[in-house]
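Input: a single structure, listed below in C-alpha cells.
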Amino acid sequence: MELHKLRRVYIEFAEIVFRDGFLDNQYTQLQQLQDESEPKFVLQVGTLFLEDSEKLLNELRSILDQQDVDFEKLDAFVRKLTGSSASIGAKRVKDVCMTFHDCCKKGSKEGCRKCLQQLAAEYRLVKRKLETLFKLETQILAAGGSVPLLSQ
Amino acid sequence: MAVDAEAQFHVLAVDDSLMDRKLIERLLKTSSFQVTTVDSGSKALEVLGLKEDQTSTPALSPEHNEIEVNLVITDYCMPGMTGYDLLKKIKESSSLKDIPVVIMSSENVPSRINRCLEEGAEEFFLKPVQLSDMRRLRPHILKGKHKEQQLHQEENSNTNHIIISSSNNNNMSNKRKAMDEEVLSERTRLRFSSSSLNVI
C-alpha cells in the first residue's frame with residue numbers, strides 16, 4: 001500500500017481505538033518521544049508492556065488458584081500492571097486494574113476472579129489493537145513516511 | 001534535537017521496571033540530559049561510589065571513573081531497597097547529600113509524598129512521568145550548584161562560614177517545607193486536571 005493510503009488507514013484505525021478507550025493520550029505522549037534517533041521507541045515500549053502483562057497475568061492466575069489467596073501479593077501485582085498500563089496508555093486495562101485493586105482490598109475471592117477474567121479479556125483486545133498499530137507504524141516508516149500523531 | 005549551549009547534566013535514573021527505565025531514559029535524553037539507568041537502589045549506590053554500609057565515598061577510588069551525578073531520579077516501589085531507603089542513604093552521606101533526589105511513583109499517597117519531601121527529596125513525580133516534568137529538574141540541579149558555589153566563595157572569604165552555611169540550611173529547609181506544601185497541592189491539582197487536556 002502506498003504511503004498516503006497507509007497513513008489514512010492508520011489514522012482511521014487509531015481514531016476508533018482512541019474513541020473506544022483502548023488507548024489514551026499517554027500513547028500520543030510516547031509517539032512524541034519517537035524520532036529519527038529512536039525510530040522504534042513506541043514499538044519497544046509497547047513490546048515491553050505486552051511481555052510484562054503476560055507475566056503479570058500468569059502471576060495473578062497462579063495466586064488466585066491457591067486455596068488461601070494472598071490478597072496482598074495479588075494486589076502488589078495488580079499495582080504493577082496498573083503502572084505499566086498507565087505508562088503505555090492502555091486505559092481500559094488500567095480501569096479494570098483499579099476495580100481489581102478494590103476487590104483485593106476487600107479480600108473478595110469471587111470479585112478478584114471476575115476481575116481477572118475481565119482483565120485478561122481487555123488485555124487480549126488491547127494487544128490486538130497495539131499489534132495492528134505497530135504493524136502499520138512499521139510499514140509507514142518503511143515507506144519513508146512519518147507516523148501521524150494521534151489526538152484524543 | 002537541538003544541541004544545548006548549556007552544560008549537559010548527568011542524571012541517574014533508578015527503576016526496577018525495564019519498561020519504565022526505557023521511558024524515563026527517553027524522557028531525560030529528549031530533555032538533553034546525560035543518562036545512566038540502573039535497576040536497583042544498591043546499583044545506584046555503586047554508581048554513586050558508595051557501598052551500602054558506607055556513609056562517605058572513599059577518598060581514593062582508582063577503580064571508579066569519577067562519574068559526576070547531578071541528580072538522582074528514583075522509583076519509590078522497588079524490591080529490596082525502596083526509593084525512600086535510597087533517598088535516606090544519599091541524604092545521610094556526607095559526600096552525596098547535596099545531590100538533588102526526585103522520587104517517582106504510580107500511586108498518589110500523600111503520607112508517602114510527605115515522608116519523602118521531609119527526608120529531603122526535591123520533588124515527587126506521579127507516573128507516568130511526562131516530558132513537561134523534565135523541565136522541573138534543571139532548577140534543582142542549578143540550585144545545588146549555586147549552593148556549592150556560594151560555599152566555595154564563603155570559604156575563600158574571612159567570614160565564619162560554618163555558622164552561615166548551617167543557618168542557610170535551616171532557612172532553606174523551612175522554606176522548602178512550606179513551599180512544598182503549596183507546590184504539592186498545586187501539583188496534585190495539576191496532575192488531576194492534566195489528564196483532561198488535549199496535548200498534541
(request) Quickly run through the range A:78-96 and pick out the residues that are buried (at least 24 other Cβ atoms within 10 Å of the Cβ) and either of a type in the set (Lys, Arg) or in contact (Cβ under 8 Å) with a residue 60 or more places away in the chain (or both). (result) A:87, A:88, A:89, A:90
(request) Go through the range A:19-66 residue by residue and tally those that are of a type outside the set (A, V, I, L, M) and either in a loop (DSSP other than H, G, I, E, B) or more than 8 Å from every other protein chain (Cβ to nearest Cβ) (or both). (result) 24
(request) Looking only at the range B:141-165, count how many residues are farther than 23 Å from residue B:32 by Cα, modelled with pLDDT of 70 or more and either in a loop (DSSP other than H, G, I, E, B) or in contact with a Phe, Trp or Tyr (Cβ under 8 Å, 6 or more places away or on another chain) (or both). (result) 1
(request) Select from the range A:1-16 the residues that are surrounded by 19 or more Cβ atoms within 10 Å (Cβ to Cβ) and under 16 Å from the mean Cα position of the chain (by Cα) and list them in ascending order. (result) A:14
(request) Would you mind finding the one in A:44, A:32 that is at pLDDT below 95 and polar (S, T, N, Q)? (result) A:32
(message) I'm checking my understanding of the structure. Among residues of the range B:80-113 that are over 11 Å from the mean Cα position of the chain (by Cα) and among the basic types (Lys, Arg), which one is nearest to residue B:69 (Cα to Cα)?
(response) B:89
(request) With the condition kept exactly as written, say whether any residue in the range A:97-114 is of a type outside the set (Val, Ile, Thr), within 19 Å of the chain's Cα centre (by Cα), surrounded by fewer than 20 Cβ atoms within 10 Å (Cβ to Cβ) and closer than 26 Å to residue B:16 by Cα. (result) yes
(request) Hey, can you tell me all the residues within the range A:11-42 that are of a type outside the set (Val, Ile, Thr) and farther than 20 Å from residue B:129 by Cβ? (result) A:12, A:13, A:14, A:15, A:18, A:19, A:20, A:21, A:22, A:36, A:39, A:40
(request) Assess whether residue B:50 counts as being modelled with pLDDT under 95 and aliphatic (A, V, I, L, M). (result) yes
(request) Answer yes or no: is there a residue in the range A:74-93 that is over 14 Å from the mean Cα position of the chain (by Cα), among the hydrophobic types (A, V, I, L, M, F, W, C) and more than 13 Å from every other protein chain (Cβ to nearest Cβ). (result) yes
(request) Give the number of residues within the range A:105-152 that are in contact with a Leu (Cβ under 6 Å, 6 or more places away or on another chain) and within 14 Å of another protein chain (Cβ to nearest Cβ). (result) 0
(message) Checking residue A:69 against (1) touching a residue at least 40 places away in the same chain (Cβ under 8 Å); (2) within 14 Å of another protein chain (Cβ to nearest Cβ): exactly one of these is not met. Which one?
(response) (2)
(message) If I ask for residues that are surrounded by fewer than 16 Cβ atoms within 10 Å (Cβ to Cβ) and among the charged types (D, E, K, R), which ones from the range A:133-152 would you list?
(response) A:135
(request) Would you be able to tell me the number of residues in the range A:85-102 that are among the aliphatic types (A, V, I, L, M), out of contact with any Ser or Thr (no Cβ under 8 Å at 6 or more places or on another chain) and farther than 20 Å from residue B:130 by Cα? (result) 1
(request) Write out, first by first residue and then by second, each pair whose Cβ atoms fall under 8 Å of each other, whose residues are 6+ apart or on separate chains, and whose first residue, in the range B:18-44, is touching a residue at least 40 places away in the same chain (Cβ under 8 Å) and within 14 Å of chain A (Cβ to nearest Cβ) while the second is outside any helix (DSSP H, G or I) and among the charged types (D, E, K, R). (result) B:20/B:75; B:20/B:127; B:24/B:15; B:31/B:135
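The values are calculated or read from the model by the stated rules, or taken from the named source; none is laboratory data. From a predicted model like this one, the values you see are computed outputs, not experimental measurements. Don't worry about glycine lacking a Cβ; one is built from the backbone with ideal geometry, like all the others, and counts go over all protein chains shown.
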